[in-house]
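Trainee: First the structure, which I've put down as structure tokens, then a few questions once you've had a look.
No value in this document is a laboratory result; all are computed from the given coordinates. Because the structure is predicted, anything quoted here is derived from the model rather than measured. In this analysis, Cβ positions are derived from the backbone assuming ideal geometry, glycine residues included, and neighbour counts consider all displayed protein chains.
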Amino acid sequence: MKSEIICCLLFWGVIAHTQTTYFVDNLIGDDTNKGISKKMPFKSMEIINKVHLKPGDSVLFRRGGQWIGNLIPRGSGSKKASIVIGAYGYGKAPVLDAKGMVAINEKASHTIRLFNQDYIEIRDLKIRNYKASEEPRKLVLKHTTTYVNAPKNGIYIEAKDCGTLHNIHLINLEICDVNGDMSTKNNGGVFAEITWNKDVTKRVKSNFEGLYTEGCYIHDVDRTGWSNRSVWNRRSLYSKRGDTLANGSIHNWYPSKQIVHRNNKFERAGANALIVRVASSPVVTYCSFKHNGLKGSGNASFPFNCDDALFQYNEASYTFYNTEATSWDHKPDVDAGGFDSDWNCKNTIIQYNYSHHNGHGGILICCNGTSKTSFNDGTIIRYNIFESNNHHIVRNSGTTTNTKIYNNVFFAGKEQDAVQLLYHKSWGGFPDTTSYTNNIFYALGEGNEFDLGKSTNNMFEANTFYGNIKNEPEDEAKSKENPLFIRAIDSETNWKPYLRFILQIKSPEIDTGIDIAGHPMKDFLGNPIIGKPDRGVFEKHNNN
């Protein structure tokens, strides 16, 4: 028995010994130290790049400290013991800044770079990548002059022929001041990608399973706040692995899973704030997107080539509309809205969101009809508030199919004239089979209208059309009565302005909606829906 106890103690002693915490202090540190105590810490990121980290190890930077260079940690954690890169002490978050430096064997500048590593947690840091001395490459085109910097990332995560990488967590980070390349979406705050070997015989089907971004503030980055991509991306609507597609390529779609964005704030991205590509059931929830698209075309957030994406409880506002042509596509801005269900997506759900004061639309559903393999099928847009978005509120563009839009509030304020409340347009073809049910359209300006173009099989049922509206669609159960919101006009003292769209007790919208298959059981505020649903986003009988 005594020998067994000794063996157990030795075993646990080894476990404790192998979980090492490395401290890094730019003031009192020295790279000749062992770095395993706060009194004798390391000094630089370069020494950390030489350490092979093991499961359970931590690398902690002193709060208040600043480091310049590229952090390229080595090693992976395990399912039970992640590697943690974070902070210690008191004060402001440690600042890591590559300042445009490109590490050996890298093609671009990355402040933190992960390669074929998993079970990694990066948290509580401020990450920059700003090269003040850079003279951007000047591009002069017919209608515009622009400047394109060298590509840069705050964090770059690569998976190459490695199978599945698990559980990479980005937590409580401030990622900012990345003056990257505005000509490509694939750089900026965070960029994660799946790549492969040029030699086809060495390629291994790869993806992420667990890519979490939580509580982060990503701002003032070019071009994109957070984005990803994968080479395993080819498919069509009904194809299966190994099928030959209409364009001659082979179906190889292999999505990442458990991509989750929660409680993040995105501000002042050069173009798009958030793009999620090639993923199954990604979730974007409780995120804020404000003042994005400052330098180039870009809706605030969207999934692309995804199945079952869920965007909910988010706010998108003040996306900037650029009226001049951009250098990389020679066209004026067409994407400057809040949300977007992009092409090659199936069964996207966008619900319980607040999209307001965006420069060019509240939401987009799109599909490039000129592509032989493109599709956008089964998008659901429900229980959202779209307020005072310029030019149009809903744009359904291209050959989308089976879109359901119900129980939303579409509001155009007094300052907005000639807004297209619904805008169905051609992009290699028109949308087919779009249904609108239980929505409230409320327009205060002049000349607001519906433009359904040559789209087919549109269905309207139990919608309310109130105010100055032209070209109302046919709807046997339509209402033209005032829905009697608590307050239609905005108020600076109303700290949650969307609450003014709650229905008064005498509203004609109460219990006049119709049941829809798959209808959620709660309203915009989480109140249960009992009996027939009200029109709009709030159930009045639960808000008395």
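Trainee: Could you give the C-alpha radius of gyration of the stretch 166-242 expressed as a fraction of 2.2 N^0.38 Å, taking N as the number of residues it contains?
Mentor: Numbers: Rg = 15.5 Å, N = 77, 2.2 N^0.38 = 11.5 Å.
The stretch 166-242 yields a ratio of 1.35.
Trainee: What angle, in degrees between 0 and 90 and rounded to the nearest 10, separates the Cα long axis of helix 2-18 from the longest principal axis of the Cα atoms of the chain?
Mentor: Tilt of helix 2-18: around 70 degrees.
Trainee: Quick check on the chain: helices-only [θ] at 222 nm, where DSSP H runs of length 4 and up contribute -39,500 (n - 2.57) each and the sum goes over total residues. Nearest 500, please. Walk me through the numbers before you get to the answer.
Mentor: Values: 2 runs with 21 residues, N = 544.
Calculated at 222 nm, the ellipticity per residue is -1000 deg cm²/dmol.
Trainee: Rounded, prolate or oblate: which one fits the stretch 320-478, using the alpha carbon gyration tensor with axes a ≥ b ≥ c (rounded when a/c is under 1.5, else prolate when a/b beats b/c, else oblate)?
Mentor: It comes out oblate by the Cα gyration axes.
Trainee: Once the piece of chain linking Ile28 and Asn116 is laid out straight, how much longer is it, given 0.36 nm per residue of separation minus the C-alpha distance between them?
Mentor: Gain in length upon complete extension: 28.4 nm.
Trainee: Using θ = phi - 60° and the Karplus relation 6.51 cos²θ - 1.76 cosθ + 1.60, list the HN-Hα couplings for the stretch 182-194 in order, rounded to whole Hz, with x at every Gly or Pro.
Mentor: 3J(HN,Hα) across the stretch 182-194, in whole Hz: 6, 8, 9, 6, 8, 7, x, x, 10, 9, 10, 8, 9.
Trainee: Continuing with the same structure: By how many nm would the segment from Lys240 to Ser78 lengthen if fully extended, with 0.36 nm per residue of separation less the alpha-carbon distance?
Mentor: Numbers: separation 162, 0.36 × 162 = 58.32 nm, distance 3.27 nm.
Contour length minus the Cα-Cα distance gives 55.0 nm.
Trainee: Further question: How much of the pair distance distribution for the stretch 197-315 lies past 26 Å, counting alpha-carbon pairs only, in percent? Please report the intermediate quantities before stating the final value.
Mentor: Working: 1977 of 7021 pairs.
Looking at the stretch 197-315, the distances longer than 26 Å represent 28 percent of pairs.
Trainee: If you don't mind, another one. Looking at the stretch 178-281, which chymotrypsin sites (Phe, Trp or Tyr not before Pro) are DSSP coil and have at most 11 other C-beta atoms within 10 Å of their C-beta?
Mentor: Tyr238
Trainee: Set the Förster radius R0 to 56 Å, insert the Cβ-Cβ distance between Met459 and Asn197 as r into 1/(1 + (r/R0)^6), and round the FRET efficiency to 0.05.
Mentor: E between Met459 and Asn197, to the nearest 0.05, is 0.70.
Trainee: Moving on to the next point. Given N residues in the chain, what is its alpha carbon radius of gyration divided by 2.2 N^0.38 Å?
Mentor: In units of the 2.2 N^0.38 Å rule of thumb, it is 1.06.
Trainee: Give me a comma-separated list of calculated 3J(HN,Hα) values for the stretch 86-99, in order, Karplus coefficients 6.51, -1.76, 1.60 applied at θ = phi - 60°, integers in Hz, x for any Gly or Pro.
Mentor: With coefficients 6.51, -1.76 and 1.60, one gets x, 9, 9, x, 10, x, 5, 4, x, 10, 10, 9, 6, 6 Hz.
Trainee: As a footprinting exposure proxy, order Val278, Val419 by other Cβ within 10 Å, with the fewest listed first. Intermediate values should be presented prior to the final figure.
Mentor: Details: Val278 28, Val419 24.
Taking fewest neighbouring Cβ atoms as first place, the list is Val419, Val278.
Trainee: Report the residues of the stretch 354-386 in range of a label on Ala517: point 7 Å along Cα→C-beta, backbone N strictly under 20 Å from it.
Mentor: Flagged as within label range: 376-383.
Trainee: Averaging over every viewing direction, what projected area does the convex hull of the Cα atoms of the stretch 428-544 cover, in nm²?
Mentor: 9.0
Trainee: If we count other beta carbons within 10 Å of each Cβ, what is the order of Lys54, Lys496, fewest first?
Mentor: With the fewest neighbours first, Lys54, Lys496 line up as Lys496, Lys54.
Trainee: Sorted from fewest to most neighbouring beta carbons within 10 Å, what does the list Cys306, Cys176 look like?
Mentor: Least to most surrounded, the residues fall as Cys176, Cys306.
Trainee: First measure r as the distance between the Cβ atoms of Ser281 and Asp451, then evaluate 1/(1 + (r/R0)^6) with R0 = 41 Å and state the FRET efficiency to the nearest 0.05.
Mentor: FRET efficiency, Ser281 to Asp451: 0.75.
Trainee: Could you work out the relative contact order of the chain? I mean the mean sequence separation of Cα pairs under 8 Å and 6+ apart, divided by the number of residues, in percent. The partial results should precede the final answer.
Mentor: On the way: 1719 pairs, mean separation 33.9, N = 544.
Relative contact order, the chain: 6 percent.
Trainee: Which distance in nm do the two modelled labels at Asn49 and His357 give, with both placed 7 Å along the Cα-to-Cβ direction?
Mentor: 4.4
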